[in-house]
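Bear in mind that the values in this text are calculations on the coordinates, not laboratory data. Note that the structure is a prediction, hence the values are computed from the model and not measured. Using ideal geometry, Cβ is built from the backbone for each residue, glycine included, and neighbour counts are taken over all protein chains shown.
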């Protein structure tokens, strides 16, 4: 544990969970899928210590049987930090620096601003802490724009040595947890949704595709791809729906899931080129600002996302109101064909 090595069987139950998720294709919020992955990891990795900043019920970070770490009995593995995101993140750093502990904790993605100095120190010091940041877009709905992160993914992705994971479904959530726990000298962020989303990975991959950072999820049919669609998290399902529409119009279209920019840019040039592809039209969709996506789609690429703050309404209405829809993705592609 002090050497930051994981138990030999750390991922045995997680791998079985991934196989089951691929077969059953559960529809749920990615925060729920993350919690399901933790249910397999907590018994297998005893050095994991969890917690939340007064949002346990929302973050899905507590696994049954963990027990509270609190006076007079410190045998528990879950810390109720209270509303003190910076203090929580700083304490997690201290735990990781001591060694023998892998701390993770939860809050809303918009509240990462409070944790940011400590997250930056973890990246600078090269320590393994994992921040579970839920309610990752305007899709959180009625809490409104104060709680709806639009710039946070881009700003966290800009931080050196920080890995930002935004999984699309149960399989990707579990794969991202495996990668995060394997990073001995880097902190990670798990950006997870409040709203439900369909499964996108429904066939065994044979490898952890999220470890590559980005991968072709759906190939073009009927000829060489004319359009490449990129997305992360809950918007991968939107890209897949747009692909169906474009394919029906006779436009060969492929979809690339991008769960982690940082992992993708670490891949060799040949792999990166194969994922980006040679389609003349590239469009990305993410319920956030465009910044950072040009590295994949180029300045001439299309982007369907946010240019301002959100609003208070059910997530279905918000996605329609702000134009984050399959129809908008199709229109962005057609405008460039």
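As a ratio to 2.2 N^0.38 Å, the alpha-carbon radius of gyration computed for the range 209-334 takes the value 1.01. Kirkwood analysis of the Cα pair distances in the chain returns a hydrodynamic radius of 20.0 Å. If the segment from residue 71 to residue 12 were pulled out straight at 0.36 nm per residue, it would be longer than the present Cα-Cα gap by 17.9 nm. Annotation for residue 83 and residue 97: the two label points, set 7 Å from Cα along the Cα-Cβ direction, are 2.8 nm apart.
Principal-axis analysis of the Cα atoms of the chain puts helix 112-125 at an angle of about 80° to the longest axis.
A full extension of the chain between residue 125 and residue 312 corresponds to an added length of 63.5 nm, given 0.36 nm per residue minus the alpha carbon distance. Model label points for residue 320 and residue 25, set 7 angstrom from Cα along the Cα-to-Cβ axis, are 2.5 nm apart.
Computed from Cα atoms, the angle from the helix 12-24 axis to the main principal axis of the chain rounds to 30 degrees.
The C-alpha atoms of the chain define a longest principal axis, and helix 235-248 lies at about 20 degrees to it. In the range 80-230, the C-alpha radius of gyration followed by the widest Cα-Cα span (Dmax) gives 16.7, 56 angstrom.
Projected label points at residue 54 and residue 146, each 7 Å from Cα along the beta carbon direction, are separated by 1.3 nanometres. Ranked by the mean number of other Cβ atoms within 10 Å of their residues, highest first, the peptides 276-283, 196-203 come out as 276-283, 196-203.
On a full-extension model of 0.36 nm per residue, what is the gain between residue 182 and residue 158, subtracting their alpha-carbon distance, rounded to one decimal in nm?
Extra length from residue 182 to residue 158 when fully extended: 6.5 nm.
For 260, 176, the sequence from fewest to most other C-beta atoms within 10 Å is 260, 176.
Once R0 is set to 22 Å, what does the formula 1/(1 + (r/R0)^6) return for the Cβ-Cβ distance between residue 221 and residue 245, expressed as a FRET efficiency to the nearest 0.05? Can you show the working numbers first?
On the way: r = 13 Å, r/R0 = 0.60.
Result of the calculation: an efficiency of 0.95.
How large is the translational diffusion coefficient of the range 11-145 in µm² per second when you combine the Kirkwood radius over alpha carbon pairs with Stokes-Einstein at 37 °C and 0.692 mPa s? Translational diffusion coefficient: 210 µm²/s.
Let me make sure I get this right: for the range 82-155, a, b and c are the square roots of the gyration tensor eigenvalues over alpha carbons, sorted descending. Under 1.5 in a/c it's rounded, otherwise prolate if a/b > b/c, else oblate. Which is it? Cα axes put the range 82-155 in the prolate bin.
Among 31, 243, 120, determine the one that fluctuates most according to a GNM of the chain built with springs between C-alpha atoms less than 10 Å apart. Comparing 31, 243, 120 in a Gaussian network model of the chain, the most mobile one is 120.
Look at where the Cα atoms of the range 181-208 and of the range 45-110 average out, and the two centres are 20 Å apart.
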